Amino acid sequence: MRRCLPIGGLLLAALLLALVMAAPVGAASAPAATACLQCHASEGLADGKGQDLGPHADMSCLECHQGAEKVPHENLEPTSCLNCHQPHNEEATGDLHVGVSCQACHFGGEAGPHALAPVASEASCQRCHFVGNQVGAPAAVLPPKSALCLACHTATLSLADWPSRIALALLVLGLLGSLGFWLSGGGEGPAPAAHHQRAWRMGPALSALLLDGLLQRRLWRLSRGRWLVHALIFLPFAARLAWALAALVLGRWEPGAGLTQAMLAKNHPATALFFDLTGLMVLAGGLLAMARRWRRGPTAPGLPRPDWPALALLGLIVLSGFITEAARMSLTGYAGPAWAFVGAALSRLFTPGPGLQTAYAYLWYAHAICYAAFVAYLPFSRLRHILLAPLWLAVKAGGETKHGK
């Protein structure tokens, strides 16, 4: 019995040693396995250079370089970062960076391909944003689309650009002034609540908001032509706002989902077609409004006076948006199916190069300024009913009296 113990101990030790030697390289906790360094020491992994891997410092080489255990493995591509990481939402990257690889911002530099780059640093942006970059990135680092842009685009909840800040301040002041005048009894707002009114009813209020505010049922009954003009202008903005809000929620909830990425990617067929069609609808609504006014004369009975500055700003917003998008497509060399058919056609008018890279920033700000001017002017214009009428109709329907409306 005593002779069996040493033999059993030796067998157990041999078994443990065999298990350790047979363990895969990927189980190691060092940033580079010893076997990898036999060939890759010249890349700076053995002498301390390029080992600033941050949270990846305890990972094996095979975590990112899957398949490297097979020899030879020339031209082996690293695995996608999205196997472990969720993609950034709209606030971090903006829709222009949806198709940009993670390495463009997070890796590289003089320290070697394994060094993490500080994303908040301007040097990281300047790897792509410089004059003459053949990739097509604009020379200027543009701010992300602001919260005001949600009315038309997938955007962020930030206010990083000065046109949006000025426009929001004027919009709030204008709306507060209109509501103050409305609640004081002026204008056509709802009358102050009487003692014989019923309690607030949510059902009729929501019904009026949908049917009369969004679908404009009352205007349909009054004039089909006027309804068509309003629908062509208002409904595309409402559809774009719904799209943008859905993308914003999905970007926070499921940023890596295919639907989220499709809604953020401008070159996705459904996204490209949707934004081109809605932009054309707004243009058609503006042109139809001017045609009706021209046909009936400037003092036609039954028609409200047109707000020409507002219509002009709407036209400039859509046209500058199409031109800016065409410049983006030309810069990035997009050659896929022309689902964004207007932008694709206009992009042929541009020649990619440093000149267009510089001009793109000016086009972007021109579009932003046109939109900011419209937002700031809206509460002071004849189009303020776009914002106030749905609210008024909902309040009126939700608080109607026992004796009727």
Going through the stretch 376-391 one residue at a time, which ones are assigned to a helix (DSSP H, G or I), surrounded by fewer than 19 Cβ atoms within 10 Å (Cβ to Cβ) and at pLDDT 85 or above?
380
Search the stretch 250-274 for residues that are farther than 17 Å from residue 82 by Cβ and pair each with any residue that is acidic (Asp, Glu) and surrounded by 16 or more Cβ atoms within 10 Å (Cβ to Cβ) when their beta-carbon atoms are under 7 Å apart and the residues are at least 6 apart or on different chains.
266/95
Would you confirm, using the coordinates I've provided, whether residue 225 is of a type outside the set (D, E, K, R), part of a helix (DSSP H, G or I), at pLDDT below 85 and surrounded by fewer than 17 Cβ atoms within 10 Å (Cβ to Cβ)?
no
From the list 289, 284, 272, exactly one residue is buried (at least 18 other Cβ atoms within 10 Å of the Cβ), modelled with pLDDT of 90 or more and not β-branched (Val, Ile, Thr). Which is it?
272
Quick one: would you say residue 167 is in a helix (DSSP H, G or I), at pLDDT 75 or above and in contact with a Gly (Cβ under 8 Å, 6 or more places away or on another chain)?
no
Those residues of the stretch 219-245 which are without any contact (Cβ under 8 Å) to a residue 24 or more places away in the chain and in contact with a helix residue (DSSP H, G or I) (Cβ under 7 Å, 6 or more places away or on another chain), in sequence order
219, 220, 227
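The values are calculated or read from the model by the stated rules, or taken from the named source; none is laboratory data. Bear in mind the structure is a predicted one, so any value in this text is a computation, not a measurement. Don't worry about glycine lacking a Cβ; one is built from the backbone with ideal geometry, like all the others, and counts go over all protein chains shown.
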